[in-house]
1. For a quick check: with amide H placed at 1.01 Å from N, whose amide H comes under 5 Å from Glu46's, ignoring anything fewer than 5 positions away on the same chain?
2. When averaged across all projection directions, what area in nm² does the alpha-carbon convex hull of segment 6-154 cover?
3. If the cut-off is a Cα-Cα distance under 18 Å, which lysines reach Lys201, setting aside same-chain residues fewer than 8 apart in sequence?
4. Given contacts defined as C-alpha pairs under 8 Å and at least six residues apart, what's the relative contact order of segment 1-129, whole-number percent?
5. Using only Cα atoms and rounding to the nearest 10 degrees, what angle (0 to 90) does helix 74-90 make with the longest principal axis of the chain?
6. Per the 1.4 Å probe, what fraction of the accessible area of segment 181-324, in percent, lies on carbon and sulfur atoms?
7. Which far-off residues, 5 or more places away or on another chain, put their amide H under 5 Å from the one on Val151, with H placed in the peptide plane?
8. Considering the zone a paramagnetic label at Lys234 would reach in this model (a point 7 Å from Cα along the Cα-to-Cβ line), which residues of segment 180-194 have amide N under 19 Å from it?
Amino acid sequence: MRMVKVSAPGKLMLFGEHAVIYGRPCIVTAVDQRITVICEEIVGDELSVLALDLGIKDYHKKITELGSGSNIPKEVKFVELALKNYRDQYGKIGGLKITTKSDFSSKFGFGSSSAVTVAVLKAVSELYSRKLTNKQLFDLSYKTVLDVQGVGSGFDLAAAIWGGTLYFVGGGKTIRPLKTKPLPLVVGYTGVKADTTTLVKQVGELYKKERVVVNNIFEIIEMITKKASHSLLKGDWVKLGMLMNMNQGLLESLEVGSDKLSSLIYAAKNNGAYGAKLSGAGGGDCMMALVDGKNTGTIKKAIRKQKGEILDVQTGAEGVRIEL
Ligand code: MEV
């Protein structure tokens with residue numbers, strides 16, 4: 001029986017969250033915390049899922065019934081829909097066992113669902129000796145994410161597939177690698193799990209109420225993101241930090257900040273960070289601060305004092321890869 005092991009990285013959104021949903025660019029970096037998926041052929045005609053990190057011990061579904069029924073646990077929806085979409089597009093698949101394991105908690109907002117989706121599709125296509133291009137893998141993964149949650153720009157899928165640091169335009173219209181040095185970031189987790197779909201809808205409501213104003217906010221976020229891509233390429237951390245602060249101010253104006261995010265962001269800024277902002281949908285999850293090597297320790301301590309959890313991550317990690 002054949003078996004394939006694949007891993008894909010999580011991500012941090014550096015610039016342009018929310019605006020990217022409205023066709024503007026964003027910058028995302030893959031982090032060195034990965035999700036591993038083992039995809040094995042098994043006898044029979046069932047999908048079996050083992051995802052202990054997500055509390056899934058023994059999930060079974062007939063391959064012919066993938067995606068049907070209303071009782072699919074949230075944690076396996078991405079796996080099941082990914083396999084259904086693969087089958088619909090590329091033909092019959094047999095009995096499969098999928099085992100997932102994560103280096104990081106799904107609470108952090110590092111894009112665990114997207115990394116799992118990418119890893120499952122890469123693994124099943126390798127198992128059936130079908131070489132998908134990165135763009136084919138992206139399109140099938142993006143369809144899966146939209147099938148499951150209805151919203152999303154797909155930036156996290158691009159990070160999981162291509163890795164590195166990317167300049168990305170919504171839906172994958174542009175996916176451009178940015179050759180940068182590793183970013184000196186300190187990442188702090190607020191302890192609050194944010195719900196991306198709710199926050200995207202909340203910004204959508206604001207957009208409906210104040211279309212011109214919100215469009216102008218997105219316009220400035222786009223300007224900041226473009227300038228940030230140049231600063232990243234030059235390694236100009238002073239300017240990049242300033243742009244992070246500006247982006248954070250605009251995210252506050254979209255009302256996706258929170259007391260906890262602000263307390264960690266100000267702890268970092270007041271202790272010498274070049275800049276700091278939330279990363280992702282907002283409302284909780286993580287913030288990040290761009291730091292100078294000399295003050296890293298002080299900034300970490302200040303974030304911990306505000307009850308933030310420091311997450312040690314390196315940026316620009318490798319994209320999806322076959323492990324076995
Ligand atoms: C969430 O991590 C970032 C958003 O822009 C949503 C998305 O781009 O899919 C809010």
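1. Those lying under 5 Å, H to H, from Glu46 are Ile63, Gly95, Leu96.
2. Values: hull surface 34.8 nm².
Projected area, direction-averaged: 8.7 nm².
3. Within the straight-line limit of under 18 Å, Lys201 reaches these lysines: Lys193, Lys209.
4. Details: 233 pairs, mean separation 45.1, N = 129.
Value for segment 1-129: 35 percent.
5. Compared with the principal axis, the helix lies near 60 degrees.
6. On the way: 3690 of 6880 Å².
Using a 1.4 Å probe with all protein chains present, segment 181-324 comes out at 54 percent carbon and sulfur.
7. Under 5 Å from the amide H of Val151: no residue qualifies.
8. 180-184
The values are calculated or read from the model by the stated rules, or taken from the named source; none is laboratory data. Just so we're clear, the structure is a prediction, and the values are computed from it rather than from any experiment. Please note: Cβ atoms are built from the backbone with ideal geometry, for glycine as well, and neighbour counts cover all protein chains shown. The accessibility values were calculated without ligands, DNA or RNA, using every heavy atom of the protein model including side chains. Shrake-Rupley method; radii C 1.70, N 1.55, O 1.52, S 1.80 Å.
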